[in-house]
Structures are given as C-alpha cells and as structure tokens.
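A short write-up of the structure that comes next.
No lab work stands behind these numbers, since they all come straight from the coordinates. Keep in mind the model is a prediction, meaning the values are calculated, not measured. Please note: Cβ atoms are built from the backbone with ideal geometry, for glycine as well, and neighbour counts cover all protein chains shown.
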Amino acid sequence: MKDIANRIRELRELLEISRKEVEIRSNGVIKASSLSSFENAQSQISISYLKQLVTFYQQQGVDVGFDWLITGNGPAPTESSTLESNLAVIKEISFFKKMNDNSIIYTSPKSIPSLNIEQGDIVGAVKTKKRTQKTKLCLIRLTDGEYILALTRESSENIITFDPDQAEVNSLPLEMVEDIYEIIWIRKFL
Amino acid sequence: MKILSSNAHVITIPIQEHKGLETLFLGLTKEIKCSYLTYMIEYKSCKLYLTSNEAWKNELISNQLMNSCPIYDNAFKALERHESIVTIWDTVHHKRGVEKDIKDYRTSFDIAHGVGLAISSPEWRESLVLAGKRDDPFFYERVNSVIIQNSLSKFRTFIASRKI
C-alpha cells in the first residue's frame, strides 16, 4: 500500500504540481483531499480510481503505465508531451471560471522573478470581498481599465503595492482602484 | 526584437486556395463556429503565413500591426523559455493606446476570443490561431487539444508537401 502511495506521489511530483492543481486540471474529478489521503497511504484506493489517475497523468503528457502504478514493474514514468500538457490550460481556465464566481483570468505581461511568475504565465484570481491588512499577491483593476499585478496590502486610505524585484513601493489612492482580485492559481507552461 | 522586421521575407497564402486547408477551415466553422484560422511558420527571416482572412492579414502582416500586438508579443517572449505556449486572447490585457486600438481594429473585422498556440524548435517557430466572432465570448471553450493537434497536423502536412 505504501509503495503505491509513493508512486502516486511520484507521478504528481514529476509534473511539479500541487494537489489542488491536479483537482483543477482534472476538472474536479480528482479531489485534492482524496489525493492527499492516497499519497499518504491513509486510505484504500480502488482500481477504478487508479485507472483514473493513470488516464489523467497520461493526458498531462506523462508516459506512465497502469502496471507500473500497481506493481512498480515496467518503465518508470517520464514526461512525454509538454504540448498536450500546455494545451490542457484551455480546459483548466473554463473549469476555474466555473468554480469561482467573480473571478478573472489574466496573462502576466511581465516576469516577477522573486514571485516565480514569468511573462506568459496565466493567473486566476478572485475578487476580494473584505479588506485585509495581510500582504497578498493581487491583480488590481484600476478605474481607467488598466491592471497591476503585484504584492498588495490594503489600508483604510490606500492600496500599497510592492515590487520585490525593483524594491519599489507604490501607494494608490482608493479612488483609483476599481477592484482587487486575489491570485489563487498560477498556471505555468512546461 | 520586432516580430516582423523590414527585411523579413513573408509569403502569404489564403487558406481558401488550398482544398485540404479549406476543408479543415470549413470543418472547424461547422464544428466550433471558428471564423478565423491562421498558421505561420518561421525559419530565420522567412515566414510562411496562411490565413482565412486576407483583409486582416494586410493589416497584421503588411502593415506590421503584429509588432504591436500584445498577444503575439507575450507568446513569443514566453516561448523563449518554453517549447510551447497557449494564449487565450481574452486573458491578455491590451493597454490603452496602440494595443487597445489594435484590439478594437481586429474586432471590427469580427475576429475575437481567439486561442493561439506557439511552438518553438531549435530552427523553427510555428503559430496557430483559431478565433470566433465578436459576439461569441465562449468560443475558446470549444477549442480542445484534439482540434488544435489535428489542425496543426494538416498545416504541417501542407508545408511538407510544398518542400520549402
């Protein structure tokens, strides 16, 4: 049981994605919570679920066989198709939008190395409802229609944005800000 | 670096001139209401550009609007670090000014809500675009990897047959 659990984890780690990312990419078919319990050998896993996992990882461009997952025999999994995995983003965006009301999808127009964001990465964000003084990665929509992607902190009078790479701090008056969206998903390409 | 430079050698071919590609386009129109299809392959400074919309091609290629389009700019810059990039047009912000003007201009040709795929190899760069009409905001949801891979395959077969 433990060995299967390790192999299930190995598959996910091959793609370097979180369990939540698996849930999004599988359109919710594979739940992050279930995957966690299987990877940690905390619950029995059915054959049909194992088949689902194999199918999912194959769709993500991983060359993996059912035998290997069950027994550990056969070739170890490898990434075979980055193209297939990258194309999956279309479905993932649809799923993200369906699962999150008041959300926005945005292609990052710049790289923010310290936050591991590259130009072209796709971010999913949800509109923040209540004010918080915690610093978060947010997408700010300004009243003039422009956007700012930055570490953000709100105060009663303004919005502070922080660019750790440029060591720049900016203050935006509240009247300049239309909406603030908190980034909850970052989709990178292989 | 500009996507199109003044010394670029660009060959453009209307998709409608090739029966196999026209059949592909008509099939996509029927299956997913695709109203715009382009494919470009680049090798050094040579580009072969196939399009279903000659009028927009004149603006994008001949008038070099491609150089100011954030969709192409984002994709090709990101492609410097990846083998392939998928772009959902509606997630790319067009800044006020030239970028926004290009978006409005493109929309005036009834081309919108597209999905782009850019692929790089050590020698070649390819880009494939499928788009819908302006009143079809969920067009991208009908595009899937089978459709894209099939379209790519058809264009690659066409290129191979031309022996360029």
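One table, with the values for the structure above:
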read-out	value
Filter pass, A:Ile93 being part of a loop (DSSP other than H, G, I, E, B) and touching a residue at least 12 places away in the same chain (Cβ under 8 Å)	no
Residues of the stretch B:8-33 that turn out to be surrounded by 14 or more Cβ atoms within 10 Å (Cβ to Cβ) and in contact (Cβ under 8 Å) with a residue 40 or more places away in the chain, as a count	8
Residue match in the stretch B:79-96 (condition: closer than 22 Å to B:Phe139 by Cα and acidic (Asp, Glu))	yes
Breaking point among (1) over 22 Å from A:Thr107 (Cα atoms); (2) out of contact with any strand residue (DSSP E or B) (no Cβ under 8 Å at 6 or more places or on another chain); (3) not basic (Lys, Arg), for B:Ser45	(2)
Answer from B:Asn74, B:Asn58 - the residue that is part of a helix (DSSP H, G or I), more than 12 Å from the chain's Cα centre (by Cα), more than 9 Å from chain A (Cβ to nearest Cβ) and farther than 24 Å from B:Asn150 by Cβ	B:Asn58
Leading residue by the ranking (nearest to B:Cys69 (Cα to Cα)) among those in the stretch B:85-117 that are within 11 Å of chain A (Cβ to nearest Cβ) and β-branched (Val, Ile, Thr)	B:Val92
Options A:Thr128, A:Thr107: the member that is surrounded by 16 or more Cβ atoms within 10 Å (Cβ to Cβ), within 9 Å of chain B (Cβ to nearest Cβ) and among the hydroxyl-bearing types (Ser, Thr, Tyr)	A:Thr107
In the stretch B:34-48, residue surrounded by the most Cβ atoms within 10 Å (Cβ to Cβ) [restricted to those that are more than 12 Å from the chain's Cα centre (by Cα) and not hydroxyl-bearing (Ser, Thr, Tyr)]	B:Cys34
